[in-house]
């Protein structure tokens with residue numbers, strides 16, 4: 001796989017995204033797509049994540065994040081390109 005087929009993005013997800021299992025849903029969704037990175041709740045109510053992997057799988061994850069898990073109400077998903085290295089695997093951070 002070439003670097004052109006890889007993508008790393010940092011996302012900030014706003015709306016009703018805390019207290020609805022968003023981090024655990026993200027962990028499962030990212031792992032099922034074979035992505036590396038992390039997800040965490042911020043104190044300001046935003047869910048923040050880093051997704052790294054094949055560009056098509058990252059794009060699919062972004063589409064999924066716009067829907068979110070049951071009981072969430074996603075208002076906005078801000079996406080910025082990132083060069084931050086992700087350790088292998090996906091984790092929930094504090």
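The values are calculated or read from the model by the stated rules, or taken from the named source; none is laboratory data. Small disclaimer: the values here were computed from a predicted structure and weren't measured. Ideal geometry is used to build each Cβ from the backbone, glycine not excepted, and the neighbour counts take in all protein chains shown.
Among all positions in the range 66-87, there is at least one residue which is at pLDDT 95 or above, at negative phi and assigned to a helix (DSSP H, G or I). From the list 4, 30, 49, the one residue that fits, being over 19 Å from residue 90 (Cα atoms) and either in contact with a helix residue (DSSP H, G or I) (Cβ under 7 Å, 6 or more places away or on another chain) or modelled with pLDDT under 95 (or both), is 4.
Within the option set 58, 20, 11, 63, being at pLDDT 95 or above and in a strand (DSSP E or B) holds for one residue only, 11.
Within the option set 46, 74, 39, being crowded, with 20+ Cβ neighbours inside 10 Å and in contact with a strand residue (DSSP E or B) (Cβ under 7 Å, 6 or more places away or on another chain) holds for one residue only, 39. When each of 34, 53, 45 is tested for being in a strand (DSSP E or B) and on the phi > 0 side of the Ramachandran plot, the lone residue that passes is 53. Out of everything in the range 8-24 that is without any contact (Cβ under 8 Å) to a residue 60 or more places away in the chain and buried (at least 20 other Cβ atoms within 10 Å of the Cβ), what residue ends up being farthest from the chain's Cα centre (by Cα)? Ranking the qualifying residues of the range 8-24, first place goes to 17.
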